[in-house]
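Below is one structure, written out as structure tokens, with a few remarks after it.
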Amino acid sequence: MLKLPRRPWLDEAGVRSAFQQAAARMHPDAKTGSAADFTELTNAYQTLREPAKRLLHLLALESSDLPLPAGAPAELMPLFPLIAGVRQKLDRLEPEADLLPIRKEAHHASEQLKHAMDTALLELREADAAWPSPSATRAAAALQSRLTYLEKWQSQLREALLRLDIGTV
């Protein structure tokens with residue numbers, strides 16, 4: 001549908017460009033488009049643009065017998081108390097509380113998550129270079145779990161920082 005290779009790493013701009021080109025053809029307002037095709041295209045784009053979803057899809061297509069890790073990966077466990085701490089403090093924040101300390105803590109946690117995500121994406125590129133070897137497949141399965149947690153925690157922190165910025169805590 002998007003005519004992209006089955007690889008662990010796909011360039012974000014390339015995925016977006018392929019989607020935009022296909023969307024121009026498949027949009028319901030185009031002569032050759034339909035709502036069903038456009039919905040399928042949008043779902044494909046949503047899957048391929050996010051590394052964790054892309055890896056899950058790729059692993060399902062390429063190696064259905066490979067078990068995916070259960071639970072949070074051990075290497076991410078030091079990040080869990082940071083994220084949980086920020087969220088708990090926000091939930092218990094008094095209306096007249098000084099927001100600067102929690103904002104600093106949230107930004108610190110966000111920086112830690114960004115570093116972990118950058119490391120995981122670098123490892124994803126390394127797995128892509130060795131794709132489709134068995135070691136690259138195993139690495140992709142482990143990375144899929146890490147990326148799922150990192151993406152979820154980044155989203156939670158973005159929400160926390162937004163709540164601090166607009167004062168809805």
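Here are a few things to note about the model shown:
- Residues that are in a helix (DSSP H, G or I), under 20 Å from residue 14 (Cα atoms), of a type in the set (D, E, K, R) and outside the structural domain of residue 19 (by TED's automatic domain parsing) do not occur anywhere in the range 89-98.
- Residue in the range 73-98 that is modelled with the lowest pLDDT, counting only those that are loosely packed, with under 15 Cβ neighbours inside 10 Å and hydrophobic (A, V, I, L, M, F, W, C): 97
- Subset of the range 107-151 that is of a type outside the set (A, V, I, L, M) and surrounded by fewer than 13 Cβ atoms within 10 Å (Cβ to Cβ) - its residue that is nearest to the chain's Cα centre (by Cα): 118
- Residue 107 in a helix (DSSP H, G or I) and over 26 Å from residue 139 (Cα atoms): yes
- Per the listing 163, 146, the residue uniquely among the basic types (Lys, Arg), assigned to a helix (DSSP H, G or I), out of contact with any strand residue (DSSP E or B) (no Cβ under 6 Å at 6 or more places or on another chain) and under 26 Å from residue 71 (Cβ atoms) is 146.
To keep it simple, each residue is scored yes or no on (1) in a helix (DSSP H, G or I); (2) closer than 20 Å to residue 125 by Cβ; (3) of a type in the set (Ser, Thr, Tyr).
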residue: 24; (1), (2), (3): yes, no, no
residue: 31; (1), (2), (3): no, no, no
residue: 42; (1), (2), (3): yes, no, yes
residue: 46; (1), (2), (3): yes, no, no
residue: 54; (1), (2), (3): yes, yes, no
residue: 71; (1), (2), (3): no, no, no
residue: 82; (1), (2), (3): yes, no, no
residue: 87; (1), (2), (3): yes, no, no
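The values are calculated or read from the model by the stated rules, or taken from the named source; none is laboratory data. All values reported here derive from a predicted model rather than from experimental measurement. We place every Cβ from the backbone using ideal geometry, glycine too, and count neighbours over all the protein chains shown.
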